[in-house]
1. Starting from the Cα of LYS58, move 7 Å in the Cα-to-Cβ direction to define the label point; list residues of segment 1-34 whose amide nitrogen is under 15 Å from there.
2. Report the per residue volume, in Å³, of the convex hull enclosing the C-alpha atoms of segment 232-342.
3. Divide by every residue of the chain the summed helix terms, -39500 (n - 2.57) for each DSSP H run of at least 4, and state the resulting mean residue ellipticity at 222 nm, rounded to the nearest 500 deg cm²/dmol.
4. Run the dipole for the chain about the Cα centre, Lys and Arg Cβ at +1, Asp and Glu Cβ at -1, nothing else charged, and hand back the magnitude in debye, nearest 20.
5. About the Cα centre of segment 72-184, what is the dipole size in debye to 20, counting +1 per Lys and Arg Cβ and -1 per Asp and Glu Cβ, all else neutral?
6. With θ taken as phi - 60° and the coefficients 6.51, -1.76 and 1.60, list the Karplus ³J(HN,Hα) couplings across segment 150-158 in order, rounded to whole Hz; mark glycine and proline as x.
7. Summarise the long-distance tail of P(r) for segment 72-184 by giving the % of C-alpha pairs beyond 26 Å.
8. Given a cut-off of 30 Å, name the pairs among LYS20/LYS147; LYS206/LYS269; LYS20/LYS269; LYS10/LYS222; LYS85/LYS206; LYS197/LYS329 whose C-alpha atoms lie farther apart than that in the structure shown.
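No value in this document is a laboratory result; all are computed from the given coordinates. Because the structure is predicted, anything quoted here is derived from the model rather than measured. Every residue, glycine as well, gets a Cβ built from its backbone with ideal geometry; the counts of neighbours run over all protein chains shown.
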Amino acid sequence: MVIQENISLKSFNTFGINAKARYFSTFSDVDELEELLHAYPQYPLFILGGGSNILFTKDFNGLVLKNEIKGVDEMHEDQNYVYVKAGAGEIWHRFVLHCINNNWAGLENLSLIPGNVGASPMQNIGAYGVELQDVFYCLEAFHRQEKKILTFTSSDCEFGYRESVFKRKYKDQFIILNITLKLRKHPIFHIEYGTLKQELERMGVKELSIRSISQAVINIRKSKLPDPKDLGSAGSFFKNPVITKSKFDALKEKFPGIPSFSSREDRVKIPAGWLIEHCGPEKTESGWKGFRRGDAGCYSKQALVLVNYGNAVGQDIFNLSEEITASVKSKFGITLEREVNII
Ligand code: FAD
Ligand code: EPU
């Protein structure tokens, strides 16, 4: 067990923020985890996955533990489903490809999401019309105080849009060790979202497959989202606001171009990217979209994504996000909620 001191976290977060951790270590099983938890009980603890949904605004004066629990196992199968368990430290996209290679369906729309398996239930990751909850079976998590492993079913997780019990009432109480998904042997395809159908047509796909859907999702993502290797970001910085139908109707009257999607809760979801693109500091064509101050900016191809052009500090990105929030509130009367975890 090696605990490093005062190390830079720059390569451990996709924003590329050069914050430091007072102590840093990794664990690859529960025994190592328990040992590490005893090491500095007086310090705050932060569990790190792939670092793709966090923004460090200062150094972390505590212990950062990177979850590296590996393993993918086929647990059980019945006529229609395969139950697949994956360690929290597995890289999400690699796991998705593994499932596709085995013809296990359900994760293809979630291709190329950065980060690790263990964080996927935290915010019920979602993309292109599918959310983790659609394929989720259960997970095992370690209770930090009681030092026990508990099993959570889907309903225990209280999944919502970019939400789960682990972000709310059990915040900072559990360390997710593994997840088990229920994947289909006979696929049901989801190609209704946005430009997915067009991309499949453009690719010349004649017969749909989970592999072609995965490739279409990858192509779309590559065309509009920055690759963390080239440009720092944490994906969507804000959630898409979900508002009542009557509030939406009033907004639509004032801003006829405003797009909307129906939401699972039978309310209206508005793309925050559109709101951010339609308000801004100067009289620009695209509002905040493409705006840059120093090395902090709003991505030119996707306004919902804040980016670090190189040497921004976390506070620069955070301050920009606050200005954007105030600007959206002032023009549309909507308060944006952050998706990214601020540390
Ligand atoms: P981290 O950033 O390391 O951690 C996130 C939070 O989870 C932290 O609070 C951390 O403490 C906690 N955590 C991590 N692992 C554990 C664990 N094992 N136990 C307990 N707590 C834990 N998200 C989407 O939903 N859909 C998208 O389409 C999408 N696109 C993205 C595109 C880009 C370019 C980027 C950079 C991000 C995108 N994201 C997207 C956000 C991000 O990839 C996901 O939220 C991902 O699940 C985060 O995983 P991670 O391992 O990097 O988590
Ligand atoms: N839009 C704009 N301007 C922009 C960006 C978007 O007007 O700059 C509008 C357009 O109307 C567009 C619509 O927003 O049609 C939707 O855009 P997009 O398909 O890019 O999706 P999004 O709503 O911006 C959400 C998720 C993404 C996920 C995609 C695809 C949230 C907060 N974000 O983005 O997830 O990949 O849909 O499903 O729900 C993430 O969570 O980090 C993330 C990237």
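1. Correct set: 19-22.
2. On the way: hull volume 11.0 nm³, N = 111.
Roughly 99 Å³ of hull volume per residue.
3. Numbers: 8 runs with 81 residues, N = 343.
When only DSSP H runs of four or more count, the value is -7000 deg cm²/dmol.
4. Details: 43 positive and 41 negative charges, 212 e Å.
The dipole of the chain has a size of about 1020 debye.
5. Values: 12 positive and 14 negative charges, 91 e Å.
It comes to approximately 440 debye.
6. In residue order, the calculated couplings are 10, 9, 10, 8, 4, 5, 4, 6, 6 Hz.
7. Values: 820 of 6328 pairs.
When all Cα pairs of segment 72-184 are counted, 13 percent exceed 26 Å.
8. Numbers: LYS20/LYS147 28 Å; LYS206/LYS269 32 Å; LYS20/LYS269 37 Å; LYS10/LYS222 23 Å; LYS85/LYS206 32 Å; LYS197/LYS329 34 Å.
Table pairs above 30 Å Cα-Cα are LYS206/LYS269; LYS20/LYS269; LYS85/LYS206; LYS197/LYS329.
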